[in-house]
1. Calculate, in nm to one decimal, what Ser397 and Lys246 gain on full extension: separation in residues at 0.36 nm each, minus their alpha carbon distance.
2. Looking at segment 252-400, how many pairs of lysines come closer than 28 Å at the Cα, when each pair is eight or more places apart or spans two chains?
3. Taking H as built 1.01 Å from N, whose amide H comes closer than 5 Å to the amide H of Thr261, not counting residues under 5 places away?
4. Per-residue HN-Hα couplings for segment 252-265, Karplus 6.51 cos²θ - 1.76 cosθ + 1.60 at θ = phi - 60°, whole Hz, x for Gly and Pro?
5. List the relative contact order of segment 230-347 as a percent without decimals, with contacts defined as Cα pairs under 8 Å and 6+ residues apart.
6. Which value, to two decimals, describes the C-alpha radius of gyration of the chain once divided by 2.2 N^0.38 Å?
7. Run the reach check for Lys110 against lysines, Cα to Cα strictly under 26 Å, same-chain hits fewer than 8 apart removed. What comes back?
8. Pull up all non-local amide H partners of Val389: gap of 5 or more, or a different chain, and H-to-H distance under 5 Å with H placed in the peptide plane.
Amino acid sequence: MKTVILAAGEGVRLRPLTETMPKVMLPLANRPILEHILTEAAQAGLKEFIFIVGYQSQTIEQYFRDGANWGVHIEYVSQRKQLGTAHALRTLTQLGNEPFVVINGDSPVKTLDIKCIAASEHIAMGVIEHPNPKHLGVVETEGDRVVRIHEKKENPPSNLANAGLYLFTPDIFPALFRTEKSPRGEYELTDSLQLLIDEGIIVKFVTIGYWQDLSYPWDLLEANSSLMASLKPQNQGVIEQGVTIKGVVSVGKGTTVRAGTYIVGPVIIGDNCEIGPNCYIRPSTAIADNCHIGHAVEVKNSIIMQGSKIPHLNYVGDSVIGQDCNLGAGTIIANLRLDKGPVHVLGKDTQRVKFGAIIGDHVQTGINASINVGSLVGSGTFIGPGATVSGIIDKNSKVF
């Protein structure tokens, strides 16, 4: 059975992080979202993959190549214009007459749920019970069948959200080519499924146990924390005397953790990092390769991407820091409103009381810069000494 992973989109709602990389390559627990999905699918016994790629496809292809490092085989199909999920599947010509699995490449799922979908005798879609699914696609059901699919309704008729995990038979292909553009201007796979349902073809649903919604950049924090709950401890680096480690901590090759550092897991630290001396790293923090977390720095519940430097007298809480950033001495990221209310960004409730900032790649700050709660800082931005940043900052900005 072949497995198709939809990985062509940019992920506009995850800017500024997707200004420089596709959504599926954003890291969780120091591995791309797409790698988590591939690994889980391979553990489910699926070995033949087709990645449908588009936006910055070279980033994906250079990382995964032919899949040999994961014990699978990967082919690539290009969706040059990202016109929706149904349009993406129209690009396939090599699937033959056998059933195949389709997985959205931007939402982690687990092995057991993939196995359940793959075992279906009919077209099937994975659904997840969600407490607030109004910004998601939801399904109406009768018995074990789907009877109607709704997209993003203010008052959804059920709490069963579409998890982007499917089993299809070749019956889907005629429906794909009869699917019209949705009000969002895309050819949507759920519309193709509704055509089949309306024609009496059985579409079943499978309630799955794990799924992460990654619609907005702050969603990465919860997903990162969730995946790190299963982290395994290891030390492939050098931990000096005088370091305190509590809980599960993973330290990569070539990394040095210097004296006075205090780490409370789960924490993952990549290869060739310099940590400390005298810093405090708190739970659910993922530090990628070639990073520096230095003296008198505190990092909590954050994602620090490859090559970033947080070297002196800094606080970073509940934030995502992009690649190759450098925070000047004394740069502080606030993560709690004075009234302790939920943080809103672009008019959207993040449903988080603790939320710092999302910082794109190649951002630099001067000494004593301050970044306010809920800020989004575009890639390539320069924030001068003593400057205060709040709200949305476009890429390549200069703030003084």
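Please treat every number below as a calculation from the coordinates, not as lab data. Values in this document were obtained by computation on a predicted structure and should not be read as measured data. Here the Cβ is made from the backbone with ideal geometry for all residues, glycine too, and neighbour counts use every protein chain on show.
1. Length gained between Ser397 and Lys246: 50.4 nm.
2. 17
3. Thr244, Asn278, Cys279
4. Taking θ as phi minus 60°, the curve returns x, 5, x, 8, 10, 10, 8, 3, x, 6, 10, 10, 10, x Hz for segment 252-265.
5. Computed over segment 230-347, the figure is 15 percent.
6. Cα-based Rg divided by the globular estimate yields 1.03.
7. Excluding near neighbours in sequence, the set is Lys2, Lys23, Lys47, Lys134, Lys152, Lys204, Lys232.
8. HN-HN under 5 Å from Val389: Ser370, Ile371, Asn372.
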